[in-house]
Structure formats: structure tokens, C-alpha cells
Amino acid sequence: MAKLRLGLIGLGMAVTPHARSFLDLKDRVEVAYAFSPSEARRRAFAEKFPFPLCDRLETILDDKSIGAVSILTPPNTHRELVERCAAAGKHVLLEKPLEVSTAQAIEMVQACRAAGVTLGVVLQHRFRPAGLKLAAMIAAGELGTLVGCSTVIRLWRPQSYYDQPGRGTRSRDGGGVLLTQGIHTLDLMLSLAGRVSEVSAYATTSAVHRMETEDMVAAAVQFANGAYGTIDATTAAYPGFAERIELIGTRATASLAGTELKVFRHDGTTVEITADESSGGTGADPMAFPHDYHRGVIADFIDAVERHRQPKVSGEEALKVHHLIDALLESGRTGKRVKVTS
């Protein structure tokens, strides 16, 4: 089968794991163009990666041999870029989050559906080996009926991170710890435990940071399947800790901490996957993780395009975590229980 020719849009901080993954997958995908409107970013990118550069988005849009694009730009640019690429018949792999608001995200997903193009979203935590193993065990019924699920996201970002233009703002990022950092773990939680039906939350900006959006959220949640749990998310926890999802079932309890998995069955047997050696981006360097999981996302997206199926994290699938985040923030703002839009 011919390689998928792809245009890379956006050459900022997020590009490195994607570029490394494209090199690993060179037998399946060809990066035909790497685009940024910034000459400095194009020059810096060219020093590290051997992909052809272009200085106009239209170069990618007008090239009919380009079958797909990878968009790695700030969230507030996503809708326009995705809709233009979809209108040009390009399949889209989009860096999270979908957009700065769920309303815009829904319109963007609908635009891709109407254009008949595949929309995949980069939520790579689902592709970690430990998470894949736990998902398989849950699907096989090895945990039994789920009765509890607690998720802890205690990360660290220094004030210098939020001092950069646009960071932690509603206008560019759309939100704080939930939409920018916690979205990965919350998406994984939903894929494992199922939909959350109702939340009761607190959300605030702590004294640790000066920023527009929230850096601390604490919530009690009820899942649609009847399980109960908690969500604890912050970027104020120095020096940063592995995100943790703990699932309690009628047959076993599972603890997924970063890339480490431990499952304790009621019969006394255990399952364990050892953590990798990376920090996972939990601390001051948000890019301190291997690119393996991004490679998994990209390989799945290529397969989806080739086989005319939906990727594991489609636009519709990613909307689920956006709805959860909306409910958490609304509950934190109003002090009331909020039902999660399905």
C-alpha cells in the first residue's frame, strides 16, 4: 500500500514526539511538508528533522497528493485550521484539546463528518502498555463489576510556565489544569471506567500560581454504571507526581500510576507492569516523556485512514472528556451538582 502523504502544521513545543514518530513510521507515512508561519521555528525544526519545509498553509491545502495533516497549533486555532483542511479533503490528526470551547469543538467534529474525513485526536495515554493491559483485563471481566474509581493528577508547573504569553488563559488554551494537562488522564479514566453521569466539584486558582484559569480541582463523581469516585487535579504539586487511576471491582483492585500497573485479584494473585524510566511530563518539563505513545496514536490514525474506520480516539470520542471537564468547572463555579452531557 502506498504511503500516506502528510502535512505537518505547527512546529512549536509539541512537535518533537510527533516528528520522531513519523521517522519511526517512515515505511507507512511520508511528511511532505512541515509548516509554520514563523521562520525561526522552521529554521529550528530543520536543524533537528529532515522534513521538507513550507511557509504557506496553502501549499499543503492545494497539494492533492496530501492525504492527511497533523495539526499541533494552539487550541484557539484548531477550528479554523481543521475546517479548512477538511474542506480540502484532508484527514486530520489533531493535538488535544479539540478547541477552547466544547461548542466550537462540536462544530469542528461535525464539519469533519460532513466532509467525510477522519478526525483523530492526540490523547496518547490510552496507548501506554499498562493502560492497554488494564483495558483488556476490564473488557475480559477480570475486575468484575466496577464499584469505585478515583483519579489523582498531581502535577507541577512553575510560574514561569504560566508567564509565557497565552498559557493558562481562556482565550488561547481554553482552560487550566483540566483542559491542558488533566485531559489525558481523564480521557483514559473514561475509557476504562465508563461515562461519568454527575459531578460535585470545587475549582480554584491556588496561591501557588498567578493565572487566569484553574490550577486545582477536587470533585466527587458518580459514574453511569453506578460506581462512585473522586477526581483530584492540580499543577501546584511540586515537584510533580505520576498520575494515578485506582479502580475497585468486585473481583480485583487495579492501580495505574503513570506507566506502572498493579492489579490485585481477590484470589491473591497479582498482575504487574513496571513503569518506564521517564518522568512522564509530570514536572517542570512538560515534554519529559518518550515518544512511543505518540507513535501508537499516529499508527492507529494511519490504520484508521487506510481501513476506513474510526481511530481509537476520534473527534466524537474526545468530546466525552470535554463534556466532563465542562461539568467539573460548572460545578466548581456554581457550587451545585452538575449532570454530565452525554
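General observations
- Based on the Kirkwood approach, the hydrodynamic radius assigned to the stretch 1-109 is 14.1 Å, with every pair of different Cα atoms included.
- Prolate/oblate/rounded label for the stretch 42-157 (Cα gyration tensor, a/c 1.5): prolate
- Sites MET287 and ALA220, calculated FRET efficiency, Cβ-Cβ separation with R0 30 Å, nearest 0.05: 0.40
- Under 14 Å of direct C-alpha separation, and excluding same-chain neighbours fewer than eight residues apart, LYS96 reaches these aspartates and glutamates: ASP173, ASP187, GLU316, GLU317.
- The spacing between the stretch 306-327 and the stretch 82-127, judged by their C-alpha centroids, is 9 Å.
- Within a Gaussian network of the chain (alpha carbon springs, distance under 10 Å), most fluctuating of LYS262, LYS312, LYS48: LYS48
- The stretch 230-248 and the stretch 13-76: distance between their alpha carbon centers, rounded to Å: 33
- Cα gyration tensor shape of the chain, rounded if a/c is under 1.5, else prolate or oblate by comparing a/b with b/c: prolate
- Net charge over other residues, Cβ less than 10 angstrom from the Cβ of TYR161 (K, R count +1; D, E count -1): 0
- Relative contact order %, the stretch 197-342, counting alpha carbon pairs below 8 Å whose residues are six or more apart: 25
- Global form of the stretch 63-119, assessed from the alpha-carbon gyration tensor, a/c cut-off 1.5: oblate
- Mean Cβ neighbour count within 10 Å, used as a protection proxy, ranking 254-261, 299-306 highest first: 254-261, 299-306
- Partners for LYS133 among lysines (Cα-Cα distance below 16 Å; same-chain residues under 8 apart left out): LYS262, LYS312
- Annotation: lysines with alpha-carbon distance below 23 angstrom to LYS336 (same-chain offsets under eight excluded): LYS320.
- Taking other residues whose beta carbon is less than 11 angstrom from the beta carbon of LYS312, and scoring Lys, Arg as +1 and Asp, Glu as -1, yields -2.
- Relative contact order of the stretch 120-236, defined on C-alpha pairs under 8 angstrom at six or more residues apart (%): 32
- Helical contribution to [θ] at 222 nm, DSSP H n ≥ 4, -39,500 (n - 2.57), averaged over the chain, rounded to 500: -9500 deg cm²/dmol
- Normalised by the number of residues in the stretch 1-71, the average gap of Cα pairs under 8 Å and 6 or more apart makes the relative contact order 44 percent.
- Net charge of neighbours whose Cβ lies under 13 Å from the Cβ of THR73, counting Lys and Arg as +1 and Asp and Glu as -1: +1
Any read-out appearing in this document is the output of simple, stated calculations on the displayed coordinates, not a laboratory observation. Just so it is clear, the structure is predicted and the values come from calculations on it, not from any experiment. Backbone-built Cβ (ideal geometry, glycine too); neighbour counts: all protein chains shown.
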